[in-house]
Structure formats: C-alpha cells, structure tokens
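Following: one structure in structure tokens, then a few remarks.
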Amino acid sequence: MSDNFKFFQNRECEYFPCHKGVKEEDFNCLFCYCPLYFLGDTCGGNFAYTKSGVKNCVGCSRPHKRENYDVIIARIKEAIGTKDRPCPVEEALAREAKKA
C-alpha cells in the first residue's frame, strides 16, 4: 500500500505556506486545521495562549511536516482511546490493495 494519502499540498491556497520552518516541497496541507487543537496544552505543539486565553498555533508547524502524519494519527488515537486498534481507513485501504 502506498503512503500517498498521508500527504496533500495546495499551492493555490492564498496562505501557502501558512507556517514557517517547513521546506515548501515538504509542507503538508492535509491537516490544514490541526486535529490536535482540542487537546489544549497537551497537544505537543509549539503554541502560546493570547492575553484573552485563545490558543495561538501560528508558531507550530508540527502537523504540516510531511514526516509527522503517523505522529499526528497516533496522538489522535491515544486521545480517543483507540491507540491499540488499527485505523479503519488504513484497514480498508489494505483490504482493497489485497484484492487488486
């Protein structure tokens, strides 16, 4: 099975690249809105809270690094209590690959 589903880039986006610190060719837009935002201060990213208490992730490039797909998915699975179960989407893709 290929890993093509782990990377997406939208160079036409007016904000591309929206964070500094990632090579343009490796900038992953797949997690445009960070799926770890809901974890607050335990997300593991480089963030700060504004004076009004809003989480500001402008300094974080963690979800946009090509190599971090597996890290992000693992953290989501851990947070929702499914870390010991395979990802249903990846399971379905593997089944389809076996049929081909």
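The values are calculated or read from the model by the stated rules, or taken from the named source; none is laboratory data. Since the model is a prediction, treat every value here as computed from it, not as a measurement. So basically every Cβ, Gly included, is an ideal-geometry build from the backbone, and we count neighbours across all protein chains shown.
Mind checking whether some residue in the range 25-32 is free of Cβ contacts under 8 Å to residues at least 24 places away in the same chain, assigned to a loop (DSSP other than H, G, I, E, B), under 15 Å from the mean Cα position of the chain (by Cα) and within 18 Å of ARG75 (Cα to Cα)? Checked against the condition, which is being free of Cβ contacts under 8 Å to residues at least 24 places away in the same chain, assigned to a loop (DSSP other than H, G, I, E, B), under 15 Å from the mean Cα position of the chain (by Cα) and within 18 Å of ARG75 (Cα to Cα), the range 25-32 yields at least one hit. Number of residues in the range 1-44 that are of a type outside the set (Val, Ile, Thr) and surrounded by 10 or more Cβ atoms within 10 Å (Cβ to Cβ) equals 29. Can you name the residue in the range 1-24 that is free of Cβ contacts under 8 Å to residues at least 60 places away in the same chain and outside any loop (DSSP other than H, G, I, E, B) and, of all such residues, is farthest from ILE80 (Cα to Cα)? Residue satisfying both the conditions and the ranking: GLU24.
The condition of being at pLDDT 95 or above and more than 15 Å from the chain's Cα centre (by Cα) holds for ARG11. Each residue in the range 39-64 was checked for being touching a residue at least 40 places away in the same chain (Cβ under 8 Å) and within 18 Å of ALA79 (Cα to Cα), and 1 of them qualify. Consider the range 60-75 and keep the residues that are touching a Cys at 6+ places or on another chain (Cβ under 9 Å) and among the aliphatic types (A, V, I, L, M). The one that is nearest to GLY21 (Cα to Cα) is ILE72. Taken over the range 48-100, the residue count meeting the criterion of being in contact with a helix residue (DSSP H, G or I) (Cβ under 9 Å, 6 or more places away or on another chain), among the hydrophobic types (A, V, I, L, M, F, W, C) and part of a loop (DSSP other than H, G, I, E, B) is 2. Contact annotation: no residue pair with Cβ atoms under 7 Å, 6 or more positions apart or on different chains, pairs a residue in the range 78-90 that is farther than 16 Å from PHE38 by Cβ and at pLDDT below 80 with a partner that is loosely packed, with under 12 Cβ neighbours inside 10 Å and of a type in the set (Asp, Glu).
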